Amino acid sequence: MRTIKKIRRLIEQEPLSAEARVLVALVTALESERPFSIKDLYTLNEEHFEMALQMLSEWRLDQYYFGKARIFDIALQAQQIQAQAHDQ
C-alpha cells in the first residue's frame, strides 16, 4: 500500500490525533505550496516520521496525482474537525 494511502487512512480514522495534526499540516502545506515547519516532523514517533518522509518522496511523482487529490480532500476535512474541536 502506498504511503499516501496509509496516511489518508490514519487521518480518516483519527483526525484529532497529534500525528494526524502534523500530517494534515504537511499535506496542506505541500498542496498549497505554503511553508511547513520541519521541526513539527520531529514530534512524530519513528513510524509516522518515516511515513512523512516517504510521503514527501511520493508527492514528487506525478503518477500519484489521484492519491494526492484524495489525501488533500481528507486533510481539509480533518482541518475542519480540528478547528471545531479547538473552538469547543
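The values are calculated or read from the model by the stated rules, or taken from the named source; none is laboratory data. Everything quoted here is computed from the prediction, not taken from an experiment. Cβ coordinates were reconstructed from backbone atoms using ideal geometry, including for glycine residues, and neighbour counts include every protein chain displayed.
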* Among the residues of the stretch 32-56, which ones are in contact (Cβ under 8 Å) with a residue 40 or more places away in the chain and over 10 Å from the mean Cα position of the chain (by Cα)? -> GLN54
* Mind checking whether some residue in the stretch 62-73 is assigned to a helix (DSSP H, G or I), surrounded by 13 or more Cβ atoms within 10 Å (Cβ to Cβ), among the hydrophobic types (A, V, I, L, M, F, W, C) and in contact (Cβ under 8 Å) with a residue 24 or more places away in the chain? -> yes
* Structure fact -> Within the stretch 23-55, the count of residues that are among the charged types (D, E, K, R), over 18 Å from GLU12 (Cβ atoms) and at pLDDT below 95 comes to 2
* Which pairs have Cβ atoms under 8 Å, sit 6 or more apart or on different chains, and link a residue in the stretch 18-31 that is under 13 Å from LEU53 (Cβ atoms) to one that is acidic (Asp, Glu)? -> VAL22/ASP40; LEU26/ASP40
